[in-house]
Amino acid sequence: MRSGKNLFLTAGALALALAAGGVMAQQKSVAVTAIVEHPALDAVRDGVKEGLKQSGFTVDKNLKWQYQSAQGNTGTAAQIARKFVGDNPDAIVAIATPSAQAVVAATKTVPVVYSAVTDPVAAQLVPSMGPSGTNVTGVSDLLALDKQIELIKKVVPDAKRVGMVYNPGEANSVVVVKQLQELLPKAGMTLVEAAAPRTVDVAAAARSLIGKVDVIYTNTDNNVVSAYESLVKVGNDAKIPLIASDTDSVKRGAIAALGINYHDLGVQTGKLVGRILKGEKPGELASETSTKLELFVNPGAAAKQGVTLPEALIKSATEVVK
């Protein structure tokens with residue numbers, strides 16, 4: 001006959017095993033990939049983890065998390081996508097257009113949540129911003145370009161020629177170029193484009209605009225944001241004002257930016273992933289956008305690039321970079 005103590009230990013071990021099995025059964029796996037690492041996309045990644053935490057999923061409790069960056073290489077993005085699909089996680093989060101396109105091309109079954117994609121319809125990730133009916137949903141960082149043009153006018157009132165350095169292979173940048181070509185003439189301005197297919201091309205593309213533009217506007221093009229310091233050097237040396245749509249670029253030398261808080265965008269994305277982990281189907285969840293904009297200004301950068309910021313603009317800023 002077993003002693004009462006042995007019976008107690010056996011029962012305790014059984015309870016622990018059942019509890020462990022319960023935890024294992026509840027564990028969810030999320031694979032996250034980004035086309036490149038730069039402040040805005042890193043903020044999205046960290047925000048996704050925070051959004052999952054707010055939804056009840058943490059690495060030390062019930063979440064398996066893996067992350068890989070494609071280091072700016074679309075071929076690598078495709079490899080990561082195939083690897084993640086093979087892992088069969090509960091959801092894949094794809095940050096920025098090239099990574100999202102790679103993942104969506106790699107699977108029609110694993111739930112995919114994109115983030116920081118300017119135009120998911122033009123990028124052919126979803127048929128519309130409504131529920132897709134597929135395995136894809138996500139959060140767009142689309143900005144109203146009329147407000148960007150207003151900011152350009154406030155910083156450089158006499159600007160007539162707006163330069164833009166961008167990667168013609170990045171769908172979100174192509175969309176912005178087309179929209180600016182239509183909108184700028186209505187504001188008495190024209191667009192002058194400079195292509196930078198690779199990160200190493202950004203400086204040369206910026207230099208090609210010297211003498212041709214009154215201001216340079218940058219969207220969230222991943223090549224440009226990754227090499228923003230090289231753009232800033234050209235702006236400072238040639239006294240060409242730089243206006244961005246990525247607020248982190250202001251800390252790196254742009255004069256001003258009216259943009260989305262990318263950490264908040266990531267949190268929003270993470271909460272959407274959390275809904276999927278709890279059982280909702282991605283195809284039944286409409287794509288989302290962020291309407292919360294923040295104005296960052298950098299008076300020091302303005303001085304280096306030959307302009308003085310209006311006091312009213314500085315006072316209205318969310319953050320003044322010193």
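Give me the percent of accessible area attributable to carbon and sulfur for region 26-130, probe 1.4 angstrom.
Details: 1890 of 4190 Å².
Here carbon and sulfur together make up 45 percent of the probe-accessible area.
Once the Cβ-Cβ distance between Val177 and Thr74 is put in as r, and R0 is 22 Å, what FRET efficiency do you end up with, to the nearest 0.05?
On the way: r = 19 Å, r/R0 = 0.87.
The calculated FRET efficiency here is 0.70.
Of all the accessible heavy-atom surface of region 214-322, with the other protein chains kept in place and a 1.4 Å probe, what percent is carbon and sulfur? It would help to have the intermediate numbers written out before the result.
Values: 2090 of 4110 Å².
Solvent-exposed carbon and sulfur of region 214-322 make up 51 percent of the total.
For helix 97-106, what angle does its Cα long axis make with the longest principal axis of the chain, in degrees from 0 to 90 and rounded to 10?
Long axis of 97-106 versus the principal axis of the chain: about 40 degrees.
Report, for the chain, the % of DSSP beta bridges that are antiparallel, rounded to 5. Intermediate values should be presented prior to the final figure.
On the way: 5 of 43 bridges.
Restricted to the chain, the bridges split so that about 10 percent are antiparallel.
Residue separation times 0.36 nm, minus the C-alpha to C-alpha distance between Leu293 and Asn62: what's the value? Can you show the working numbers first?
Working: separation 231, 0.36 × 231 = 83.16 nm, distance 3.33 nm.
Taking 0.36 nm per residue and subtracting the Cα distance, the gain is 79.8 nm.
Just check region 130-235 against the gyration tensor rule for me: Cα atoms, a ≥ b ≥ c as the square roots of the eigenvalues, rounded for a/c under 1.5, and otherwise prolate or oblate depending on whether a/b exceeds b/c.
Details: a/c = 2.25, a/b = 1.31, b/c = 1.71.
Judged from the Cα gyration tensor, region 130-235 comes out oblate (a/c at least 1.5, b/c at or above a/b).
Taking a probe of 1.4 Å, how large is the accessible area per residue of the chain, in Å²?
Details: 14190 Å² over 322 residues.
Computed with neighbouring chains in place, this is 44 Å² per residue.
So what is the 222 nm mean residue ellipticity for the chain from helices alone, if each DSSP H run of at least 4 adds -39500 (n - 2.57) and you divide by all residues, rounding to the nearest 500 deg cm²/dmol?
Numbers: 13 runs with 140 residues, N = 322.
Dividing the helical sum by the residues of the chain leaves -13000 deg cm²/dmol.
Kindly state, to the nearest 0.05, the FRET efficiency for Asn88 paired with Val192, given R0 = 45 Å and r defined as their beta-carbon distance. It would help to have the intermediate numbers written out before the result.
Numbers: r = 47 Å, r/R0 = 1.05.
So, using R0 = 45 Å, E works out to roughly 0.45.
Taking the chain as a Gaussian network, Cα atoms linked when under 10 Å apart, which of Asp158, Asp201, Asp248 shows the biggest mean-square fluctuation?
Asp158
The values are calculated or read from the model by the stated rules, or taken from the named source; none is laboratory data. Note that the coordinates shown come from a computational prediction; the quantities given were computed from them, not determined experimentally. Methodologically, a virtual Cβ is constructed for each residue, glycine included, from the backbone with ideal geometry; neighbour enumeration extends over all protein chains shown. Please note that ligands, DNA and RNA were not included when accessible areas were found on the heavy atoms of the full protein model with its side chains. Shrake-Rupley method; radii C 1.70, N 1.55, O 1.52, S 1.80 Å.
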